[in-house]
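Below: the structure, in C-alpha cells.
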Amino acid sequence: MKKRREQPARQGSAADAPGLATRLLAADILDGVLRRRRPLDDELEGRAQAGLASLAERDRALTRALVGTVLRRLGTLRHLIGLFTERGLPAKAPRVEIALLLGAAQILFLNVPDHAAVDLAVQLARADKHAAHFTGLVNAVLRRIAREGAGRLTALDTAMLDTPPWLMARWIAAYGETAARAIALANSREPALDLTVKNDPEQWAEKLGGRVLPTGSVRLVAQGAVTALPGFGEGTWWVQDAAAALPARLLGPIAGLRVADLCAAPGGKAAQLAAAGARLTAVDRAPARLARLRENLNRLGFAAEFVCADVAAWEAEPFDAVLLDPPCSSTGTIRRHPDVQWLKQEADITALAALQRRLIARAVALTKAGGTIVYCTCSLEPEEGEAIVADLLAHENGVGRAPIAAAEVFGRGEFITRDGDLRTLPCHLPDADSRLSGLDGFYAARLVKR
C-alpha cells in the first residue's frame, strides 16, 4: 500500500526543518516517561504544554500519535531495533534510542514515508550533543528497518512483546491466555472518544458523527481538540470511557439522596451522580485535582459540595449512598494511558491494595444503615477488585453483596461475574471497525450496609 506523504505545518524557527519541532517535542515527552519515569499525563500537562500549544492542530495530533504509538508498541520496537544493533545502544546517549523508536514507529505503524522518517530521526539525534556522535548508527538501523522491518514484524508475537512479562503472566492467570492476548491486542490500538451526554444520545451521536454504544455512551473517532466539538462549551456532555460510566448507574435511583463520591477527581462519575439528582459531596485529597473537578462540574452546570480531605481519615454524617473509586494500578486503562504498563511494577499492586482496604472500610463507615456502597477500580488485577470485596465481606458482618443483574448494564451478561459483580475487559465490545472497539477494564461491586 502506498504511503501517505505527511505535510506538517512549518514552525517559526529558521533552523527547524519541516516536522522536526514535532519530533523534538515527542522526544522530550518520551524521555520524560521512559527515562525519568513520569506519567504521560504529567508530561503533557507540564513541560510539554507550552510546546504543544505552539504547534498547529495537526502537528499537536501528530505529536500525540507519535508518543502513543511508541508506548503502545514499545516492546516490539525495542525488539526490532535490537535485531539491527549488534553492539547495543550507547548508554550515555539515551536520545539515540528515542530517535530510533520514533523513526521505527513512523516507518512501521504511522504511514510516514521511509525517507522522511529516517531523515527526521537523524536530525533528531543531531540536535542532542550526546546523540550527535551516533547519527550514522541511527541512519543505518532505520534504513534496515525500512527494508526488512515489515517482514520481521509478521513473525513476531507482538502481544507478548508489547506487554511486560509480569503483567501478561497475571492476566493469563486471571482470565486465561486467549483473553489475555485479546486484552493486549486491544491495548495496542488507539481508543475512540467516549462521551456521556445529558440528554438524547442519538441526536448527539448524529451531530458529532459518532454512534450510540449498547451501554448508552456516544462513541466517535477522535479528531482535533475535544474543546472544539459542538456541545462542549454548552456543557452538553463530558468525556468518559464507556466502562467508567457504568459504576455510578449501580447506585440506582438517587434523586434527592445524600451521596458521597470518594476520590472523586477528575469528576466523570460525580457528573453522573449530579445529573441523576443526588445531593452530592465530592471528596478528593489533591487540591489541584479537586479544582479541576469543580471546573468540570461548573462547565456542566452541576452543583456539589467540594471537600479537600484524605478519605481514609475524613469524618462526616453518614450518607444514603457512597461511591468509592480509590487509587489503583490503572491497568484497565492502558489503551488510553499506554505509559501505565511501563511505569507500574508488580509491587505497586500490593501497596495499593492495602490502601484500598483502608478506604473501603471508611466508605462503609460513611454509609447509613440500609445504604448502598459501590466500590470500583479501573484495574484488571483481582487483588484490587474481587479480593478487596471478598476480604471486606469476610471480616465485616454488617455488609452484604447486592448482585448486579445483566439488565442493569444494558443486557451485557459478559460484564457480570459469577458473584454478581461488574468486570469489563478491554477486549469487550468488539466492532468490525477496530477504531470503535473495546472499552476500559473496570471492576465494580455493589454492597449494602445492613
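The values are calculated or read from the model by the stated rules, or taken from the named source; none is laboratory data. Computed from a predicted structure; not experimentally measured. Glycine also receives a Cβ, built like all others from the backbone with ideal geometry; neighbour counts cover every protein chain displayed.
Rundown of residues vs (1) at pLDDT 95 or above; (2) not in a helix (DSSP H, G or I), yes/no style:
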| position | (1), (2) |
| --- | --- |
| P8 | no, yes |
| G51 | no, no |
| L100 | yes, no |
| I107 | yes, no |
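Among the residues of the range 20-49, the ones that are in contact with a His (Cβ under 9 Å, 6 or more places away or on another chain) and either in a helix (DSSP H, G or I) or at pLDDT below 95 (or both) come to 2 in all.
Residues that are without any contact (Cβ under 8 Å) to a residue 40 or more places away in the chain and within 17 Å of the chain's Cα centre (by Cα) within the range 182-216 comprise just one, A184. Among the residues making up the range 200-220, those that are under 19 Å from L246 (Cβ atoms) and either outside the structural domain of L380 (by TED's automatic domain parsing) or surrounded by fewer than 18 Cβ atoms within 10 Å (Cβ to Cβ) (or both) are R211, V212, P214, G216.
Looking only at residues that are in a loop (DSSP other than H, G, I, E, B) and among the basic types (K, R) in the range 400-450, which one is surrounded by the most Cβ atoms within 10 Å (Cβ to Cβ)? Among residues in the range 400-450 that are in a loop (DSSP other than H, G, I, E, B) and among the basic types (K, R), the one surrounded by the most Cβ atoms within 10 Å (Cβ to Cβ) is R412. Taking residues in the range 314-335 that are farther than 16 Å from D261 by Cα and touching a residue at least 60 places away in the same chain (Cβ under 8 Å), and partners anywhere that are outside any loop (DSSP other than H, G, I, E, B) and small (G, A, S), the pairs with Cβ atoms closer than 6 Å and at least 6 places apart or on different chains are R335/A186. Within the range 121-144, being buried (at least 23 other Cβ atoms within 10 Å of the Cβ) and either among the β-branched types (V, I, T) or within 16 Å of V70 (Cα to Cα) (or both) holds for A121, L124, V138, V141, L142. Within the range 42-65, residues that are under 13 Å from G224 (Cα atoms) and not assigned by TED's automatic domain parsing to the domain that holds V226 reach partners that are surrounded by 13 or more Cβ atoms within 10 Å (Cβ to Cβ) and acidic (D, E) with beta carbons closer than 8 Å, at six or more positions or on different chains, in the pairs L62/E6; A65/E190. Restricting to the range 234-268, count the residues that are closer than 24 Å to A369 by Cβ and assigned to a helix (DSSP H, G or I). Summing the residues that are closer than 24 Å to A369 by Cβ and assigned to a helix (DSSP H, G or I) in the range 234-268 gives 5.
Would you check if there is a residue in the range 301-313 being β-branched (V, I, T), in a helix (DSSP H, G or I) and either touching a Lys or Arg at 6+ places or on another chain (Cβ under 7 Å) or over 17 Å from G371 (Cα atoms) (or both)?
yes
When the residues of the range 173-199 are filtered to those that are more than 16 Å from T158 (Cβ to Cβ) and of a type in the set (A, V, I, L, M), the one that is surrounded by the fewest Cβ atoms within 10 Å (Cβ to Cβ) is A173.
Candidates in the range 330-359 are the residues that are surrounded by fewer than 17 Cβ atoms within 10 Å (Cβ to Cβ) and among the polar types (S, T, N, Q); of these, the one that is nearest to V311 (Cα to Cα) is T350.
One line per residue, one yes/no per condition, for (1) modelled with pLDDT of 95 or more; (2) in a helix (DSSP H, G or I):
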{"position": "L153", "(1), (2)": "yes, yes"}
{"position": "L156", "(1), (2)": "yes, no"}
{"position": "M160", "(1), (2)": "yes, yes"}
{"position": "E202", "(1), (2)": "yes, yes"}
{"position": "Q223", "(1), (2)": "no, no"}
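If the condition is being of a type in the set (K, R) and closer than 18 Å to E386 by Cα, then the range 407-435 contributes R418, R423.
Screening V311 with (1) surrounded by fewer than 21 Cβ atoms within 10 Å (Cβ to Cβ); (2) on the phi < 0 side of the Ramachandran plot gives one miss only, at (1). The residue that is surrounded by the most Cβ atoms within 10 Å (Cβ to Cβ), among those in the range 384-399 that are touching a helix residue (DSSP H, G or I) at 6+ places or on another chain (Cβ under 7 Å) and within 18 Å of T367 (Cβ to Cβ), is I388. Checking each residue in the range 143-166 for being within 18 Å of N187 (Cα to Cα) and of a type outside the set (G, A, S) picks out L153, L156, D157, T158, M160, L161, D162, T163, P164, P165, W166.
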